[in-house]
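Coordinate-derived values only; no laboratory data. Everything numeric here is computed off the predicted structure, so don't read it as measured data. No Cβ is skipped: glycine too gets one built from the backbone with ideal geometry, and neighbour counts run over all protein chains shown.
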There are 2 protein chains.
Amino acid sequence: MTDTVPAPGRSRSGPSIADVAQLAGVSSQTVSRVSTGADNVRPATRERVLAAMEQLGYSPNHAARALRYGSFGTIGVIAHRLARTGESRTVEAVVEAARAEGYTVSLVDVQSPSSDDVTAAAARLSHQSIDGLVIIRAETATPASLAVPPRMPVVVSDSRFVGHHPAVAADQVTGTHLAVQHLLDLGHRTVHHLAGPADSAPAEIRVDTWREHLVGSARVVPAVVRGDWSARSGYEQGRLLAADPDVTAVFCANDEMAAGLVRALYEQGRRVPDDISVVGFDDIPLTEFLWPPLTTVQQDFHLIGSRLVDLLLRQIRDRETLTDSRIVVPTRLVVRASTAAPRA
Amino acid sequence: MTDTVPAPGRSRSGPSIADVAQLAGVSSQTVSRVSTGADNVRPATRERVLAAMEQLGYSPNHAARALRYGSFGTIGVIAHRLARTGESRTVEAVVEAARAEGYTVSLVDVQSPSSDDVTAAAARLSHQSIDGLVIIRAETATPASLAVPPRMPVVVSDSRFVGHHPAVAADQVTGTHLAVQHLLDLGHRTVHHLAGPADSAPAEIRVDTWREHLVGSARVVPAVVRGDWSARSGYEQGRLLAADPDVTAVFCANDEMAAGLVRALYEQGRRVPDDISVVGFDDIPLTEFLWPPLTTVQQDFHLIGSRLVDLLLRQIRDRETLTDSRIVVPTRLVVRASTAAPRA
DNA sequence: CCGCCGGATGTTGACGTCAACATCGACCGG
DNA sequence: CCGGTCGATGTTGACGTCAACATCCGGCGG
């Protein structure tokens, strides 16, 4: 519970309400009334106060207001690797939606997705400096182990937290089914899978759904190939997959890895989609301009972000308790040129 | 100066220091001592207080501390289009560096890069809820017009603010010279430029430097072609450029546009680099895995982010006044396979 | 002409924390 | 055995704001 505080920033705080009051020749309460927009102030007085504010460059002290109101007008966001496509787009949407509702966003980027790190980040953020918490993709954290302060509204973008915290998640299951079925429909006997890291929940959902779909369709289930979301890892695994003549279709857990994979396949003389079909996941903006344009599963990160804020604000403002609510954001398959019927 | 505050979040604030004090049978000051890590508390007492904290789930009220200390331990970040590569990586680095120094980050994403929007965002953030402000790429904002509260430490990632605010910027000038010279060295008679939007300062710097370099080398200066940073715009402009037989080398203001451009060139039957050489800017992670791997100018966004925090904290902590300080972060040319000598 | 009423403005206290100062008690040296 | 001293703990007030209540004033009805 001990805690350090940055160097006491003494005295950089600007003029206070009292300074304005003195200059305007009114009481501080009148200044307060003007600054909160109360209507029972005589126009002439209001003018005088506004002029004084202007002259002094006054702006209300947020800390004092927060103390008084018990609310910061701020929501905390915990993300893992912020610069990654899905994360940054989700965060962008959260920031936008939050602003539209009059809230600012405090951001923490945890180094590792472990429960401990997330919990520590939550604690750091929480000390009442935020009104609620958005946790974006709490990878390995298992539902029970995620400790957030009591009474802190939380929303998680991870469907596994259903029953523990309200959640918003893309419909990865349907997206994966669509991708695999698309490849089977084209005539491929089975589909290989280039997965994300095993400590990622979305990666695991995609693996499980892919396997399930193949089993349900009575197809051979090839060994899972693992990448780490990066294009480089896709490239490396692609070099290996290229050597396997049985591979005719690969479903990749994200577009970056798919791009690396495609590149490796070409270098090994395997054409896409002539020799091997490739499907990605996410539909990042570049996907359409890769060669060949990538067939992929589109996720609406923007919608996820705004739904997260919706759900969080319902808890914050309306005191709703939503532990088991869950919003699923649809995904869809975007067919481009990286998939085709197998050769023979 | 009037201002609204989100619904008075009454009573969600947890137990206070007084509750802990009562439970532990000590005064609130002793609790305060324990929570700030003062050493003059008897171990047995400390234990009792910690136990009470644990039992009540106490955590210090950040608003009260902020009020007391006059500091929030928070820095504000204003970014324009957060999901864009450079922005998200810079923000990630800022968040990371800030955390290492014990600060959290409050994020605002402005819709338009206009001065007004940035100024409004600064005002929103500033109400003393932050100790300093990082403005990432204040596109059209001209130096004089950027109004931030008096005494608010500010740092800008835009070299044009030198003399107004401390700035950290990538060395775009050198990067551009390197790119253009590389193409000239390969034997191209001149270099076309696919620029970013005219309201972007970095885009304009690249345009100016490109033009200057061509003039200095006594080359023909082709008309500038404009995109909007997106791959799609690169694709669209690429279709036009492909029709011009004089085009043998294109310097693109970012990698996304370069990717779209390359795709369009291929579709029109122009090979890269055989028929046309292409250079990008940024070195985003996918660049290396495009086909062909893109020659590009690398910017170290991570370094920019941490330098921004350095510079800001020097102002916040040490009360330094740094209006005219400027840090230039080097860029370098990464030569891959998208550039070659012209055909004839 | 007096008292009442309502709108404008002022005064007080509380939000939670912590620094400064006050107090209390035990132990030590003379 | 007593005064002194120092470490542990308690008390007070202030940070800036705003709600609740108090006050003051002019105008209007009786």
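Details
- Each of the peptides A:331-338, A:63-70 was scored by the mean count of other Cβ atoms within 10 Å over its residues; in descending order, highest first, they stand as A:63-70, A:331-338.
- The protein assembly as shown: equivalent-ellipsoid semi-axes (sqrt of 5 x gyration tensor eigenvalues, Cα, Å): 47, 34, 20
- Over the range B:172-300, the pair-distance histogram of Cα-Cα distances with 10 Å bins from zero comes to 14, 51, 33, 2 percent, rounded to whole numbers.
- For the range A:158-258: relative contact order, % (alpha-carbon pairs under 8 angstrom, 6 or more apart): 32
- Zero-based 20 Å bins, Cα pair distances in chain A, whole percents: 27, 42, 22, 8, 0
- Fraction of antiparallel bridges per DSSP, chain A only, in percent to nearest 5: 10
- When chain B is treated as a GNM with alpha-carbon contacts under 10 Å, the residue of B:L186, B:L50, B:L308 showing the greatest mean-square fluctuation is B:L50.
- Spacing of the two label points (7 Å from each Cα toward its C-beta) at A:T323 and A:R211, in nm: 3.1
- For B:E320, the point set 7 Å out from Cα toward Cβ sits 4.9 nm from its twins in the other copies, listed from shortest up.
- Choice from B:W291, B:W229, B:W210 showing the highest fluctuation, given a GNM over chain B with Cα pairs closer than 10 Å: B:W291
- Highest mobility in the GNM of chain B, judged by mean-square fluctuation with C-alpha springs under 10 Å and restricted to B:S106, B:S88, B:S32, is found for B:S32.
- With label points defined 7 Å past Cα in the direction of Cβ, position B:S112 shows copy-to-copy spacings of 4.7 nm, given to one decimal and shortest first.
- For chain B, the relative contact order is 16 percent, taking Cα pairs closer than 8 Å that sit 6 or more residues apart in sequence and dividing their mean separation by the residue count.
- Partner shielding of A:105-111 amounts to 6, given as the average count of beta-carbon atoms from other chains within 10 Å of each residue beta-carbon.
- Translational diffusion coefficient (Stokes-Einstein; Kirkwood radius from C-alpha pairs) of the range A:17-60 at 25 °C, 0.890 mPa s, in µm²/s: 250
- Modelled FRET efficiency - R0 60 Å, A:S27 with A:A198, Cβ distances, 0.05 increments: 0.40
- Copy-to-copy label distances for B:S28, where each label lies 7 Å from Cα along Cα-to-Cβ, are 1.8 nm in order of increasing length.
- Other protein chain C-beta atoms within 10 Å of residue C-beta, averaged over A:287-297: 4.
- Taking each DSSP H run with n ≥ 4 as -39500 (n - 2.57) and averaging over every residue of chain A yields -13000 deg cm²/dmol at 222 nm.
- The separation of the range B:270-342 from the range A:296-344, counted between C-alpha centres, amounts to 33 Å.
- With a 10 Å cut-off around each Cβ of A:96-102, the average count of Cβ atoms from other chains is 3.
- Minimum Cβ-to-axis distance in chain B for the rotation onto chain A, with residue, whole Å: B:S88, 2
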